[in-house]
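Enquirer: One structure is given below, represented as structure tokens, and several questions about it will come after.
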Amino acid sequence: MQRILAIYPGSFDPVTNGHLDVIERGAKIFGRLVVAVLCNSEKQPLFTLNERLEMLREATRRYANVEVDSFDGLLVDYARRLGAQVLLRGIRAVSDYEYELQMAMMNRRLEPTLETVFMLPAEAYSYLSSRLVREIAQLGGSVSGLVPPEVEQRLRTKVTT
Ligand code: PNS
């Protein structure tokens, strides 16, 4: 697996400890792992693209084979440009499976040589999502232990300004 380049795509609005758990697992298996943030999603993000990239770079600094990048357009086109062989996605619960299966199958149809690999984050993060983290922070709750300290700080600043 050491010659394999994998892409871990997502919105990362913001990166959570669940994402980082998958990144750590992926970094152990694949030779190179590119965490790729989608630029123009239909969703209106809380954090700008640059903020999301900065938080991810800070949180993944300790992994020598992990890079952070952004992409626009089709994921399969970006994967082709990079020469990646694998798309990495995390599955938390059965409820994630349907959406993930649909995306994986569609990506396979668009680029049959690209494999989607699913990884399970630690059980402790099985109920964690960026959406819930944003909601809790916006309503004044604590997200300690759910996101890296730097993200916690940025969330605090974001919701009080
Ligand atoms: O973390 P998310 O928001 O669930 O990530 C979704 C993401 C970014 C992986 C997905 O929306 C995506 O790949 N978008 C790029 C556009 C694309 O390729 N769409 C077709 C997917 S089958």
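The values are calculated or read from the model by the stated rules, or taken from the named source; none is laboratory data. Remember, it's a predicted structure, so these values are computed and weren't measured experimentally. Cβ placement follows ideal geometry from the backbone for every residue including glycine, while neighbour counts extend to all protein chains displayed. Note: areas computed on protein heavy atoms with side chains; ligands, DNA, RNA excluded. Shrake-Rupley method; radii C 1.70, N 1.55, O 1.52, S 1.80 Å.
Enquirer: Roughly to the nearest percent, how much of the accessible area of the chain is carbon and sulfur, given a 1.4 Å probe? Present the calculation step by step, with values, prior to reporting the outcome.
Expert: Details: 4790 of 9150 Å².
Roughly 52 percent, rounded to a whole number.
Enquirer: Here's another thing I want to ask about it. Take the Cα atoms of region 1-74, find their three principal axes, and give me the spread along each one in whole Å, biggest first.
Expert: Here the Cα extents, ordered largest to smallest, are 36, 25, 17 Å.
Enquirer: For region 67-111, just the Cα atoms, rotate onto the principal axes and tell me the three extents in Å, largest first.
Expert: Principal-axis extents of the Cα atoms in region 67-111, largest first: 32, 25, 18 Å.
Enquirer: May I ask for the net charge around Lys28, where only other residues with Cβ less than 14 Å from the Cβ of Lys28 are counted and Lys, Arg are +1 while Asp, Glu are -1?
Expert: +1
Enquirer: Residues with beta-carbon under 14 Å from that of Asp13, excluding Asp13: net charge, scoring Lys, Arg +1 and Asp, Glu -1?
Expert: +2
Enquirer: Would you mind giving the average projected area, over all directions, of the Cα convex hull of region 86-141 in nm² with one decimal?
Expert: If I average the Cα hull's projected area over directions, I get 4.7 nm².
Enquirer: What is the set of long-range amide H partners of Asn65 at a cut-off below 5 Å, with H atoms built 1.01 Å from backbone N?
Expert: When sequence neighbours closer than 5 places are left aside, there are no close amide H contacts.
Enquirer: Also: Show that you can apply the helix-only estimate: for the chain, add -39,500 (n - 2.57) for every DSSP H stretch of four or more residues, divide by all residues, and state [θ] at 222 nm to the nearest 500.
Expert: Values: 6 runs with 71 residues, N = 161.
My calculation for the chain gives -13500 deg cm²/dmol from helical runs alone.
Enquirer: Further question on the same structure: Multiply the residue separation of Glu58 and Ser142 by 0.36 nm, subtract the distance between their alpha-carbon atoms, and state the gained length in nm to one decimal.
Expert: Values: separation 84, 0.36 × 84 = 30.24 nm, distance 2.10 nm.
Difference between extended and current length: 28.1 nm.
Enquirer: Would you mind working out the accessible area per residue for region 33-138, using a 1.4 Å probe, and quoting it in Å²?
Expert: Solvent-accessible surface per residue comes out at 61 Å².
Enquirer: For Pro121, what charge total do you get from the other residues with a beta carbon under 9 Å from its beta carbon, if Lys and Arg give +1 and Asp and Glu give -1? Write out the running numbers ahead of the final one.
Expert: Working: positive: Arg25, Arg92; negative: Asp21, Glu123.
Around Pro121, the surrounding residues sum to 0.
Enquirer: Taking amide H positions as placed in the peptide plane 1.01 Å from N, state which residues far from Gln85 in sequence (5 or more) or on other chains have amide H under 5 Å from it.
Expert: Excluding prolines and chain starts, which carry no amide H, the hits are Leu5.
Enquirer: Also, quick follow-up: May I ask for the Rg/Rh ratio of the chain, computed from Cα atoms with Rh as the Kirkwood radius, given to two decimals?
Expert: Dividing the radius of gyration by the Kirkwood radius yields 0.95.
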